[in-house]
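The values are calculated or read from the model by the stated rules, or taken from the named source; none is laboratory data. Since the model is a prediction, treat every value here as computed from it, not as a measurement. In this analysis, Cβ positions are derived from the backbone assuming ideal geometry, glycine residues included, and neighbour counts consider all displayed protein chains.
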Amino acid sequence: MSGVPAERLSLNTATVRAQWSLAECIEGCARHGIGGISPWRDKLHEMGVDAAARAIRDAGLSVSGLCRGGWFTASGALDQSVIDDNRRAVDEAAALEAACLVMVVGGLPDGSRDLPGAWKLVEDGLAATLDYARTVGVKIAIEPLHPMYAADRACVNTTGQALDICDRLGDGIGCALDVYHVWWDPELEVQIARAGRERLMAFHVCDWLVPTRDLLTDRGMMGDGVIDIPRLRGLVEAQGFDGLVEVEIFSELDWWTRDADEVLAAVLERGRTAC
């Protein structure tokens, strides 16, 4: 299949988080002809939500997602501070006209071995957030993370598990699929078909390096690893997904050390040749 042109790419700001502010990311996307952006909330707060929303609109960019809400399990209970922060995240996504609010749901609470209890906290938190998100027209996207993160970052680890939650919670909630987290899953093709267009809310790309020197911050540029990205893109597009292809690369040892314009040039080239 043909590659992804610049106007169908979105820059997740994590890809150049060490080099650029959100304002610089917005300007860089416009300068390189990249069609969209996906801010992280820390960068968004540094710039200010209203200022960022204006700058993104003025640059003609779409917002493929806001990263991130979630972390429902941190204190071992679904306390009001977590609910309030997720409501703020929903409001920020609405202000940016983001395609979705991406949820990294949280792992086990400190000292806990109660995985079923963590799953319940997550589902209760998603339900509470979704109730509010529906009132402002924001879609909630669960991002299943690789099982290596089940204890500390996300106890939702497969597309099937995420869709089971979506089935129970109803409209307005779906999945953000990051190839780094889901490429290994033998049920992935079946679960993507199960999701269908309405619940495929975001598609993130990078690559899995062999060897991987750090499981969090050594992701590869597309084409440098072992993931068959065109196949996975073909699966989501076969279900009707026509959103932006979002590039999200955590790379402390490589891409975060390079000039940001060099990184964006590589993103464009690999979008054409490796996605």
Return the only residue of 162, 154 being under 21 Å from residue 183 (Cβ atoms), in contact (Cβ under 8 Å) with a residue 60 or more places away in the chain, touching a strand residue (DSSP E or B) at 6+ places or on another chain (Cβ under 8 Å) and buried (at least 23 other Cβ atoms within 10 Å of the Cβ).
-> 154
Filtering region 1-33 down to residues that are part of a loop (DSSP other than H, G, I, E, B), modelled with pLDDT of 95 or more, of a type in the set (A, V, I, L, M) and out of contact with any Phe, Trp or Tyr (no Cβ under 7 Å at 6 or more places or on another chain) yields 4
Which one is surrounded by the most Cβ atoms within 10 Å (Cβ to Cβ), of the residues in region 232-275 that are under 20 Å from residue 208 (Cβ atoms) and in contact with a Leu (Cβ under 7 Å, 6 or more places away or on another chain)?
-> 247
Of all residues in region 6-56, count the ones that are out of contact with any Ser or Thr (no Cβ under 9 Å at 6 or more places or on another chain), buried (at least 18 other Cβ atoms within 10 Å of the Cβ), closer than 20 Å to residue 90 by Cβ and of a type outside the set (A, V, I, L, M).
-> 1
Listed by range, helices (runs of 4 or more DSSP H) wholly within region 158-275 having at least 2 residues that are under 28 Å from residue 33 (Cβ atoms) and modelled with pLDDT of 95 or more are 179-182, 229-238, 260-274
Within region 20-56, can you find the residues that are of a type in the set (A, V, I, L, M) and within 23 Å of residue 71 (Cβ to Cβ)?
-> 22, 37, 44, 47, 49, 52
Which members of region 69-102 meet the condition of being buried (at least 22 other Cβ atoms within 10 Å of the Cβ) and either in contact with a Cys (Cβ under 6 Å, 6 or more places away or on another chain) or under 17 Å from residue 201 (Cβ atoms) (or both)?
-> 69, 70, 86, 89, 90, 93, 96, 98, 99, 100, 101, 102
